[in-house]
Structure formats: C-alpha cells, structure tokens
Amino acid sequence: MDMKKRIIYCILTVILLAVEVFIALFVHDRIVRPYVGDMLVVVVIYTFVRCWIPDAVRLLPLYVFLFATGVEILQYFKLVELLGVGDNRFLRILLGTSFDVKDILCYAAGCVLVWLAERKIRHL
C-alpha cells in the first residue's frame with residue numbers, strides 16, 4: 001500500500017508542478033498567478049514530501065507552512081542579493097525576490113486545504 005501511495009503522490013506532484021509552471025509562464029493576471037499560484041506551491045511541496053513519506057504525518061501541513069513562510073521571510077532580507085545570485089533567473093524565481101504578507105496568507109490557505117483534503121480522504 002505504501003508504494004501505491006508513493007506513486008499517487010508522485011503523480012500528483014508532477015501534475016501540480018506542471019500546472020504551477022503553466023501559471024508562471026502563461027498566466028499574467030491579478031488573481032490566479034499571485035494567489036492561486038502561492039496556494040498551489042505549498043500543495044506541490046506537500047505532495048512531494050508525501051512521495052518520500054507516504055504515511056500521514058499529522059503536522060506535515062504545518063511544517064510545509066513554516067518552510068514556505070521561512071522562504072518568504074528570507075525574501076524580506078533579500079536572500080537572492082545576499083547570495084549574489086541575482087543574475088540567475090531560475091534561482092530568482094525559485095527563491096523569490098519580494099516579500100509580501102499576502103503570500104504567507106496564501107500559504108496558510110493552501111496548507112489548510114491540504115489538511116482538509118487529507119482528513120476527508122482518511123475518513124472515506
């Protein structure tokens with residue numbers, strides 16, 4: 001059963017990552033890209049972790065939220081500039097360059113959705 005869970009989470013990760021890349025490359029609006037994209041990124045991280053840890057970890061959504069928030073806080077301190085990787089487009093996108101409290105709220109919403117979905121699946 002663990003292998004089946006791993007495969008499902010890996011497939012979900014690939015699909016969600018593809019959606020995230022599509023949003024980043026082709027969606028240039030004021031709702032989907034900034035808000036849905038930020039909510040989705042924590043779901044991608046969550047499903048990726050579940051590929052490696054298929055058994056439910058009760059606080060995993062919280063840990064993903066704390067990780068994403070930590071990355072956001074590093075943006076406040078201009079991590080990209082501190083590391084001297086401002087010329088690397090990939091790292092600028094991956095690490096982010098601008099702190100925004102709204103991003104943290106989107107991460108929270110995404111983690112709550114993951115928590116609710118996992119809870120619903122466990123009770124089926």
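State the number of residues belonging to the stretch 69-124 that are among the hydrophobic types (A, V, I, L, M, F, W, C) and touching a residue at least 40 places away in the same chain (Cβ under 8 Å).
9
Can you give me the number of residues within the stretch 28-55 that are surrounded by fewer than 13 Cβ atoms within 10 Å (Cβ to Cβ) and outside any helix (DSSP H, G or I)?
Qualifying residue count, the stretch 28-55: 5.
Checking C111 against (1) within 23 Å of I23 (Cα to Cα); (2) not in a helix (DSSP H, G or I), only one condition comes out false. Which one?
(2)
Return the pair list, or none, for Cβ contacts closer than 6 Å from residues in the stretch 1-27 that are open to solvent by 80 Å² or more (accessible area, probe 1.4 Å) to residues that are of a type outside the set (K, R), at least 6 apart or on different chains.
L17/V44
Please go through the stretch 76-107 and pick out each residue that is open to solvent by less than 30 Å² (accessible area, probe 1.4 Å) and closer than 19 Å to I23 by Cβ.
G96, D103, C106, Y107, listed by residue number.
The values are calculated or read from the model by the stated rules, or taken from the named source; none is laboratory data. Note that the structure is a prediction, hence the values are computed from the model and not measured. Neighbour counts are summed over all protein chains in view; Cβ atoms, including those assigned to glycine, are modelled from backbone coordinates with ideal geometry. To get the accessible areas, we keep the full protein, side chains included, count just its heavy atoms, and leave off ligands, DNA and RNA. Shrake-Rupley method; radii C 1.70, N 1.55, O 1.52, S 1.80 Å.
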